[in-house]
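Asker: Pasting a structure below so you can have a look.
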Amino acid sequence: MKTLKLLVAISLIATASAQAGTIEMTVNGLVCGFCAQGIEKTFRKNPATADVLVSLENRLVAIATKEGTDISDAELRQALKSAGYDVKAIERTDNSIDALRSKIRATK
Amino acid sequence: MNIFPGRIVPSMALVAGSLLASANAKPIAFAEGTTVMAEYGAGTMTEIQAFYAPTFRYSVGGGHLSLNSDVDESTRDITYARLNYLPKRWNLESAQANVFVWGSIGRAHLGETGDNQFAWNAGGQLDYETRRIYGSLRTDFHEASAYNHRIDTLQLGVAPYEHDYETLAVWFVLQARDYTGGLFDGTEWAALIRLFKHNAWLEAGVTQEGKLQAMLMFNF
């Protein structure tokens, strides 16, 4: 019984740590595909990045981070500043990138 | 006057070929990005350029500009190394505006005399865009001991719909270009359509004389 409880506990911890977070940033100056391309390229180089979504319509840059990793707000702001853009807000959410993609497509 | 000067066609084909094989034009696209551009300006000017931007503030590279006078038989072939700099960018909520400046040095070959001369160039561009309207004003001054030319270009564009990163961007652009130094009499007008998606850009149209005006750009 003790072994079973231990296995359940390990399983729950593993499931929780596998749920990587999503960082959603509101960015000013996002008006063209080249802007989006540069930002996507910048964040894909970050070892903590699992996926990147850029939406010009929503002024959104979303980054899914790999499990057990995060990118600090200071690092995010610096990366976007170095790419030539201004961050207006940073939010950590439970939305997956796929869910955000679907939501953006549905609003078109 | 030849619409496609023989010495430029191979260069354009090479650039177009490499672009189609890999996939993307402004002097600085994004940090750590490479930009390759080719422009055919109605037979009067043809230019190819390649730049690498270590940061979003500047890029370095080179190009080749061919100027063929519409007024007389004079031609200039200018090969140059260039530095582009972005001194100011405004990131607005749904718009962006930029000021670019550049300078280059190189060698000019004069077709009418066969002379080769040191040549230099300085220019600048002011642009403003949203996802619906676009405007840019560019000036480019070229000088060698035998000539000086200024090429001023105004572009105004409107998009029929607001594109996103994953969709094709379509723009209708009206261009006015003025040449000084005996290259072209009056103002050359062109109606263009611009298409771009991800890292590839194509702009093409015709001038009031029915000549081709086109530009290809790739960023990677």
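The values are calculated or read from the model by the stated rules, or taken from the named source; none is laboratory data. Keep in mind that this is a model prediction, so the values were computed, not measured. Backbone-built Cβ (ideal geometry, glycine too); neighbour counts: all protein chains shown. Heads up: the accessible areas ignore ligands, DNA and RNA and are worked out on the full protein's heavy atoms, side chains in. Shrake-Rupley method; radii C 1.70, N 1.55, O 1.52, S 1.80 Å.
Asker: Do the conditions hold for B:E188, that is, is it under 22 Å from A:E57 (Cβ atoms) and surrounded by 14 or more Cβ atoms within 10 Å (Cβ to Cβ)?
Answerer: Spelling it out, it is not the case that B:E188 is under 22 Å from A:E57 (Cβ atoms) and surrounded by 14 or more Cβ atoms within 10 Å (Cβ to Cβ).
Asker: State which residue is most open to solvent (accessible area, probe 1.4 Å) when the search covers only the stretch B:49-78 and only residues that are closer than 30 Å to A:G84 by Cα and away from chain A (no Cβ under 14 Å).
Answerer: Restricting to residues being closer than 30 Å to A:G84 by Cα and away from chain A (no Cβ under 14 Å), the top hit is B:V60.
Asker: Taking A:R59 as the residue in question, decide whether it is within 24 Å of B:K88 (Cβ to Cβ) and either within 14 Å of chain B (Cβ to nearest Cβ) or within 12 Å of the chain's Cα centre (by Cα) (or both).
Answerer: So A:R59 fits the description; yes.
Asker: Any residue in the stretch A:29-51 that's more than 7 Å from every other protein chain (Cβ to nearest Cβ): show its pairings with residues that are open to solvent by 20 Å² or more (accessible area, probe 1.4 Å) and of a type outside the set (A, V, I, L, M, F, W, C) at Cβ separation under 6 Å, as long as the two are six or more apart or on different chains.
Answerer: A:L30/A:R59; A:A48/A:K66; A:A48/A:T69; A:A50/A:K66
Asker: Quick one: is A:A99 away from chain B (no Cβ under 12 Å), within 13 Å of the chain's Cα centre (by Cα), farther than 30 Å from B:W90 by Cβ and surrounded by 15 or more Cβ atoms within 10 Å (Cβ to Cβ)?
Answerer: So A:A99 does not fit the description; no.
Asker: In the stretch B:30-48, is there at least one residue being more than 20 Å from B:Q175 (Cβ to Cβ) and more than 14 Å from chain A (Cβ to nearest Cβ)?
Answerer: Looking through the stretch B:30-48, none of the residues is more than 20 Å from B:Q175 (Cβ to Cβ) and more than 14 Å from chain A (Cβ to nearest Cβ).
Asker: Among the numbered criteria (1) crowded, with 16+ Cβ neighbours inside 10 Å; (2) in contact with a Phe, Trp or Tyr (Cβ under 8 Å, 6 or more places away or on another chain); (3) among the charged types (D, E, K, R), which single criterion is violated by B:R107?
Answerer: Failing condition for B:R107: (1).
Asker: Please go through (1) more than 27 Å from B:Y147 (Cα to Cα); (2) within 13 Å of another protein chain (Cβ to nearest Cβ); (3) outside any loop (DSSP other than H, G, I, E, B) for B:F100 and return the number of the only condition it doesn't satisfy.
Answerer: (1)
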